[in-house]
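The values are calculated or read from the model by the stated rules, or taken from the named source; none is laboratory data. All figures in this text were calculated on a predicted structure; none of them were measured in a lab. So basically every Cβ, Gly included, is an ideal-geometry build from the backbone, and we count neighbours across all protein chains shown.
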Amino acid sequence: MALDFGFTPEQDEFRMFVREFARREIAPHVAECDEKEQMPWHAIHKMGEAGLLGIIAPKALGGQAHDYFHLGIAVEEIARVDNSCAMICSMQNTLATLIPGWGDDTIREVIKGRQLLCIATSESEAGSDVSNMATNARIEGNEFVINGQKIHVSLMPGGTIMGVTAKVQQGDGKSAITFIRVPADAPGVSSILMPEMGVRSHQLGIVNFKDVRVPVEHVLGGRGQAKAVLYARWNVSRCLSALNALGAAQQVIDDTIEFVKKKKVYGQAIGHFQAISFPLIEHATRIESCRLMAYKGLWMNVRGENAAKVAGMAKWSSITYSIQAIFDCLQMHGAGGYLKDLGIERRYRDVIGLTFTGGTINVMKLIVVKEMLGASFMGISGGGDG
Ligand SMILES: Cc1cc2nc3c(=O)[nH]c(=O)nc-3n(C[C@H](O)[C@H](O)[C@H](O)COP(=O)(O)OP(=O)(O)OC[C@H]3O[C@@H](n4cnc5c(N)ncnc54)[C@H](O)[C@@H]3O)c2cc1C
């Protein structure tokens, strides 16, 4: 059988395990972590204990050695409860396994939820355009000496080990962007929180590097290879971002269906009004199509195919349609949806946050343009890095 849309019984069982886990271990702390903009350490440790931070990591390092489908299922199910924890699950799994050079001991600790990896690439003048970065690393003896400032770094402050992109001068005088492993507590590193609108417990920080020294061996994936290393992860992580948004939207739609079947206005349940039921099923239709696309992207990654186009399509459409679905569901709850109690306003804020991670909506469209029309039609030189 060549085409099969079903999950295996084992994958269904795993989905139920994660759904139950998320409701039991993550849900009780979500509102408080959002309110206080506090890293969900309790959930991180529990995810580590449950094996959810090492889903795709090899067994030899303490991982589960599953494929990307299990990771997609986990992200989707955790996102039904909390997008920040789903982001953390997605980031730790993909960073640890798809970026080489962290070291086996570090990966073992990440899988247990004792160390937290993050990537610091964005700068004030280098967000979508990664090449425009100013952070540099000069070589002195057998050390890199790093200077610069990164912004919008997920899991900072709080993260323990960073992958930092920096321009390193080559022998020919030209500089190439290198991905360097830097402990967050290295002398010369300082970070402060950037208060954000959504996914508030995942935390976003400014990180300063002042003459930070690390051994030249601390390269992630080869000197001058930062872009290639980042690209290798994006085709997976963008599908996971899509599933992160879709998990939240699906949960809100499911809850709203229950609500409109009960909530009476003018003497009848509002679900009888087609101005309510039609948008609900239209959103459900778009969410279902996007979900198929996100899993198709993961399937292409499993098969070793280039998933850039599908991952880009899945990310921009899933997040856009999830935001629209959650907005309409919020309206269907009346003013109750606008209040904090139901948590729908938080889902709305959280999913907006996902638009930026790993590249904006426009950058996703540029990637699809590149794949479908050709690089010369992107309207930029060099790239659309994200
Ligand atoms: C929740 C969250 C988590 C993040 N996590 C990380 C992280 O862990 N590490 C990290 O390094 N960064 C992280 N980022 C930063 C993220 O990668 C950047 O926000 C993103 O790459 C866009 O960069 P920018 O915000 O500087 O926007 P800019 O690049 O300045 O873009 C501004 C606007 O112009 C649009 N635009 C840019 N170029 C084009 C073009 N050619 N055509 C059409 N439109 C264009 C963009 O879509 C955007 O709307 C995170 C951001 C958020 C919000």
Practice item. Quickly run through the range 115-146 and pick out the residues that are surrounded by 21 or more Cβ atoms within 10 Å (Cβ to Cβ) and more than 9 Å from the ligand (Cβ to nearest atom). Key: 115, 116, 117, 133, 135, 137, 144, 146
Review point. Considering the range 22-38 alone, what residues qualify as being within 24 Å of residue 109 (Cα to Cα) and surrounded by fewer than 20 Cβ atoms within 10 Å (Cβ to Cβ)?
Key: 24, 29, 38
Exercise for review: For residues that are in a helix (DSSP H, G or I) and among the basic types (Lys, Arg), scanning just the range 257-276, find the one that is surrounded by the most Cβ atoms within 10 Å (Cβ to Cβ).
Suggested key: 261
Point to revise | Single residue of 73, 107, 88 found to be away from the ligand (no atom under 16 Å from the Cβ) and either farther than 23 Å from residue 222 by Cα or free of Cβ contacts under 8 Å to residues at least 40 places away in the same chain (or both) | key: 73
Check your understanding: What about residue 155, is it away from the ligand (no atom under 16 Å from the Cβ) and at pLDDT 95 or above?
Key -> no
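Residues checked against (1) surrounded by 19 or more Cβ atoms within 10 Å (Cβ to Cβ); (2) within 27 Å of residue 35 (Cα to Cα):
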site: 201; (1), (2): yes, yes
site: 223; (1), (2): no, no
site: 249; (1), (2): yes, yes
site: 255; (1), (2): no, yes
site: 278; (1), (2): no, no
Check your understanding: residue 149 passes all but one of (1) more than 7 Å from the ligand (Cβ to nearest atom); (2) at pLDDT below 95; which number fails?
Key -> (2)
Practice item. Please state which one of 212, 207, 216 is within 16 Å of the ligand (Cβ to nearest atom), modelled with pLDDT of 95 or more and within 30 Å of residue 139 (Cβ to Cβ). Key: 207
Check your understanding: Do we find that residue 344 is surrounded by fewer than 18 Cβ atoms within 10 Å (Cβ to Cβ) and at pLDDT 95 or above in this structure?
Key -> no
Practice item. Please enumerate the residues belonging to the range 309-318 that are touching a Lys or Arg at 6+ places or on another chain (Cβ under 7 Å), within 16 Å of the ligand (Cβ to nearest atom) and not charged (D, E, K, R). Key: 311, 312, 316
Check your understanding: Just to be sure, is residue 178 in contact with a strand residue (DSSP E or B) (Cβ under 7 Å, 6 or more places away or on another chain), farther than 30 Å from residue 43 by Cβ, among the polar types (S, T, N, Q) and not in a helix (DSSP H, G or I)?
Key -> yes
Practice item. Report yes if residue 289 is buried (at least 24 other Cβ atoms within 10 Å of the Cβ) and over 21 Å from residue 227 (Cα atoms), otherwise no. Key: no
**Study point:** Those helices (runs of 4 or more DSSP H) lying entirely in the range 319-374 with at least 2 residues under 25 Å from residue 307 (Cβ atoms), within 15 Å of the ligand (Cβ to nearest atom) and under 22 Å from the mean Cα position of the chain (by Cα)
**Key:** 344-353, 361-372
